[in-house]
Amino acid sequence: MPQTVRYLTHPAGSDQAAEGRPVLVAEPGRPRMCAALATRLGALSGTRRVVSSDETKAIETASPLARALGVTLEIRPKMHENDRSATGFLPPSEFETVADQFFAEPTKSVRGWETAEDAQRRIVTEVEACLAGPQEGDVLVVGHGGVGTLLFCALSGSGIDRCFDQGPGGGGCWFAFDAQDRMPRRGWQPMEALMIDA
């Protein structure tokens with residue numbers, strides 16, 4: 001039976017709110033939501049691997065899930081969010097404008113950000129490396145909205161476009177794809193949907 005791979009973005013925290021994203025699961029709701037999911041694994045019950053970016057918010061989301069599943073958390077540093085260090089914090093409206101440009105002009109470095117094409121190539125390469133070789137059970141990858149959207153675009157055969165972003169909430173969303181054909185089954189869903197048995 002084909003394994004399911006789920007890509008889960010960490011729930012939004014105070015920094016996403018500062019960047020202008022509405023917060024679906026706010027601080028201190030983020031740890032509470034992750035803890036609730038860890039006690040009611042639902043669709044994740046068949047997961048045998050949990051892989052995370054090395055960024056704090058991803059690890060904070062992935063760690064309680066890995067513990068609840070009884071698996072060792074795997075850290076892959078190259079699964080980090082698109083590199084926006086050139087600008088640092090931007091006011092909400094400015095962030096949204098630059099993010100729109102990032103997706104609209106994927107070959108260009110907008111204000112020093114990593115290009116969308118480079119970020120997409122990196123996340124696809126890391127996910128493929130993660131899935132190389134035989135898998136037993138489902139895989140959960142915990143990461144970030146920007147590169148998650150770029151991964152979704154690549155897997156679905158769509159061009160890079162922000163219309164495929166996870167939408168309002170700024171985090172705590174997921175999509176699933178088959179480990180064999182790599183095709184997404186549907187678009188982004190809220191984290192809460194994982195509590196329901198598949």
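FYI, it's all coordinate maths here, none of it is from the lab. Just so it is clear, the model here is predicted, and its values are computed rather than measured. Reconstructed Cβ throughout: ideal geometry from the backbone, glycine too, with neighbour counts over all protein chains shown.
With one equal scatterer per alpha carbon and no solvent term, the Debye-computed log10 I(q)/I(0) for segment 120-198 at 0.13, 0.21, 0.25, 0.27 1/Å reads -0.39, -1.05, -1.43, -1.59.
Using only alpha carbon positions, build the gyration tensor of segment 45-166, then give the equivalent ellipsoid semi-axes as the square roots of 5 times its eigenvalues, largest first, whole angstrom.
Details: eigenvalues 154, 53, 27 Å².
Taking √(5λ) for each Cα gyration eigenvalue gives 28, 16, 12 Å.
Highest average first, the peptides 118-130, 89-101 ordered by how many other beta carbon atoms sit within 10 Å of their residues are 118-130, 89-101.
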